[in-house]
Amino acid sequence: MKVFQHVSDLGNLNTALAEAFEIKKERYKYNELGRNKTALLIFFNNSLRTRLSTQKAALNLGMNVIVLDVNQGAWKLETERGVVMDSDKSEHLLEAIPVMASYCDIIGVRSFATFESRKDDYEEKILNQFIQYSGKPVFFMESATVHPLQSFADLITMEEYKKTARPKVVLTWAPHPKALPQAVPNSFAEWMNAADVDFVVTHPKGYELDPKFVGNARVEYDQMKAFEGADFIYAKNWSCPGVTCPEDYGKVLCKDMSWTVDEAHMAVTNNAFFMHCLPVRRNMIVTDGVIEAPTSLVIPEAANREISATVVLKRMLESL
Ligand code: CP
């Protein structure tokens, strides 16, 4: 595997899940595969889970790991070609990428949406430069539009906890004080469309996700109605994706606290499990009671980030 960006990059999803469960049972089984190989993890943005779980995954496979926080200690990078570099940006990404690639075998990159241009964000301007100019396998550790390591871990977790063969899964928007990217809901929708589940998305009007990710998924604007009979509730805030109103891209259109996932919402579900990728703002996205209930899966899904990352790195090592 040379790029990990979309669910399709994994090929057959059942095979990938079987591999994940094999690794979960025996996570050091492939610890010779990465001998003398180096993973470089590049962070343009903050992280707790992705940083730790991906390092752990690389160590499981016997790899060396280098972590670079671009905003702490590296030269400030220019990403636009053709600019006169007379600002505080000392180095261009076009030199930095091949230099960084010369020190490693596999590259992971985290670079969030900037909301400056929907076109640039949705064309994955930064990550595509890494793919084009590094000459190395590149995996997305949350980009402008996707977070596939998270969605893979979410799917593994659902497989572990589902009580019916084809569960009802609801992706619900929830309020947040700041404008957040659409990477997690985009990927979650893409992966749920590929999985064997009954998938419903609920959000206030104006928050329609990009059709590239949400496909033909059922959209229900009445949140309570969407929750009825659900087996899994996946909560996440996202800012306006700019699908119906491009000028609103990246804006907070709604702070309606009635969308917070609370006990009354969960009461109409089929005793659903609660999921969120974390970090989560308590009593904005979800109440203390719901996230602390025995049906909350936020810790198991975070733990499964190690497993999803191990599968992805293993497949990249096998392709070297
Ligand atoms: N869920 C997730 O990616 O967490 P971090 O932002 O802490 O890495």
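Of the residues that sit in region 149-175 and are assigned to a helix (DSSP H, G or I) and touching a strand residue (DSSP E or B) at 6+ places or on another chain (Cβ under 8 Å), which one is nearest to the ligand (Cβ to nearest atom)? Spell out the reasoning first.
Applying the first criterion (assigned to a helix (DSSP H, G or I)) to region 149-175 yields 149-161.
Subset that is touching a strand residue (DSSP E or B) at 6+ places or on another chain (Cβ under 8 Å): 149, 154, 157-158, 161.
Working: L149: 7, D154: 10, T157: 12, M158: 16, Y161: 18 Å.
Only one residue tops the list, namely L149.
Residue under question is K255, and the condition is that it be assigned to a helix (DSSP H, G or I), of a type outside the set (S, T, Y) and surrounded by fewer than 16 Cβ atoms within 10 Å (Cβ to Cβ); does it hold?
No, not satisfied.
For region 35-75, name all the residues that are without any contact (Cβ under 8 Å) to a residue 40 or more places away in the chain, in a loop (DSSP other than H, G, I, E, B) and out of contact with any Ser or Thr (no Cβ under 6 Å at 6 or more places or on another chain).
Scanning region 35-75 gives R35, N36, N46, G62, V70, N71, Q72, G73, A74.
Would a scan of region 247-266 turn up a residue that is modelled with pLDDT of 95 or more, within 16 Å of the ligand (Cβ to nearest atom) and within 21 Å of the chain's Cα centre (by Cα)?
no
Identify, from the list A194, A189, the residue that is within 22 Å of the chain's Cα centre (by Cα) and crowded, with 22+ Cβ neighbours inside 10 Å.
On the way: A194 fails: crowded, with 22+ Cβ neighbours inside 10 Å.
Sole residue among the options that is within 22 Å of the chain's Cα centre (by Cα) and crowded, with 22+ Cβ neighbours inside 10 Å: A189.
Of all residues in region 271-290, how many are open to solvent by 20 Å² or more (accessible area, probe 1.4 Å) and either part of a helix (DSSP H, G or I) or more than 17 Å from E159 (Cα to Cα) (or both)?
Initial filter on region 271-290 (open to solvent by 20 Å² or more (accessible area, probe 1.4 Å)): 271, 273, 278-284, 287-289.
Retained after the next criterion (residues that are either part of a helix (DSSP H, G or I) or more than 17 Å from E159 (Cα to Cα) (or both)): 278-284, 287-289.
So the answer is 10.
If I ask for residues that are of a type in the set (S, T, Y) and either within 17 Å of D120 (Cα to Cα) or crowded, with 16+ Cβ neighbours inside 10 Å (or both), which ones from region 66-93 would you list?
Keep residues of region 66-93 that are of a type in the set (S, T, Y), which gives 79, 87, 90.
Passing the criteria: only T79.
Any idea how many residues of region 35-55 are buried (at least 16 other Cβ atoms within 10 Å of the Cβ) and within 16 Å of the ligand (Cβ to nearest atom)?
12
Tell me, please, whether a residue that is over 23 Å from E116 (Cα atoms), assigned by TED's automatic domain parsing to the domain that holds Q182 and touching a strand residue (DSSP E or B) at 6+ places or on another chain (Cβ under 7 Å) can be found in region 238-251. Can you show your working first?
Taking region 238-251 first, the residues over 23 Å from E116 (Cα atoms) are none.
Within region 238-251 (the criterion being over 23 Å from E116 (Cα atoms), assigned by TED's automatic domain parsing to the domain that holds Q182 and touching a strand residue (DSSP E or B) at 6+ places or on another chain (Cβ under 7 Å)), the answer is no, since none of the residues qualifies.
Run E306 past the list (1) part of a loop (DSSP other than H, G, I, E, B); (2) touching a Lys or Arg at 6+ places or on another chain (Cβ under 6 Å) and report the number of the one that doesn't hold.
The one condition E306 does not meet is (1).
Would you mention how many residues in region 1-34 are open to solvent by 90 Å² or more (accessible area, probe 1.4 Å), among the charged types (D, E, K, R) and over 9 Å from L61 (Cβ atoms)?
4
Between S102, S134, S90, which is polar (S, T, N, Q), within 22 Å of D9 (Cα to Cα) and either within 19 Å of the chain's Cα centre (by Cα) or away from the ligand (no atom under 16 Å from the Cβ) (or both)?
Values: S102 fails: within 22 Å of D9 (Cα to Cα); S90 fails: within 22 Å of D9 (Cα to Cα).
Step by step, each of S102, S134, S90 is checked, and only S134 is polar (S, T, N, Q), within 22 Å of D9 (Cα to Cα) and either within 19 Å of the chain's Cα centre (by Cα) or away from the ligand (no atom under 16 Å from the Cβ) (or both).
Would you check if A293 is surrounded by fewer than 17 Cβ atoms within 10 Å (Cβ to Cβ), more than 16 Å from the ligand (Cβ to nearest atom), in the same structural domain as H203 (by TED's automatic domain parsing) and of a type in the set (A, V, I, L, M)?
Numbers: surrounded by fewer than 17 Cβ atoms within 10 Å (Cβ to Cβ): yes; more than 16 Å from the ligand (Cβ to nearest atom): yes; in the same structural domain as H203 (by TED's automatic domain parsing): yes; of a type in the set (A, V, I, L, M): yes.
Yes.
Here are the criteria: (1) over 25 Å from T54 (Cβ atoms); (2) buried (at least 18 other Cβ atoms within 10 Å of the Cβ); (3) free of Cβ contacts under 8 Å to residues at least 40 places away in the same chain. Tell me which single one A96 does not satisfy.
If we test A96 against (1) over 25 Å from T54 (Cβ atoms); (2) buried (at least 18 other Cβ atoms within 10 Å of the Cβ); (3) free of Cβ contacts under 8 Å to residues at least 40 places away in the same chain, just (1) comes out false.
The values are calculated or read from the model by the stated rules, or taken from the named source; none is laboratory data. Only a predicted model underlies this, so the values are computations on that prediction, with no experimental measurement involved. Methodologically, a virtual Cβ is constructed for each residue, glycine included, from the backbone with ideal geometry; neighbour enumeration extends over all protein chains shown. The accessibility values were calculated without ligands, DNA or RNA, using every heavy atom of the protein model including side chains. Shrake-Rupley method; radii C 1.70, N 1.55, O 1.52, S 1.80 Å.
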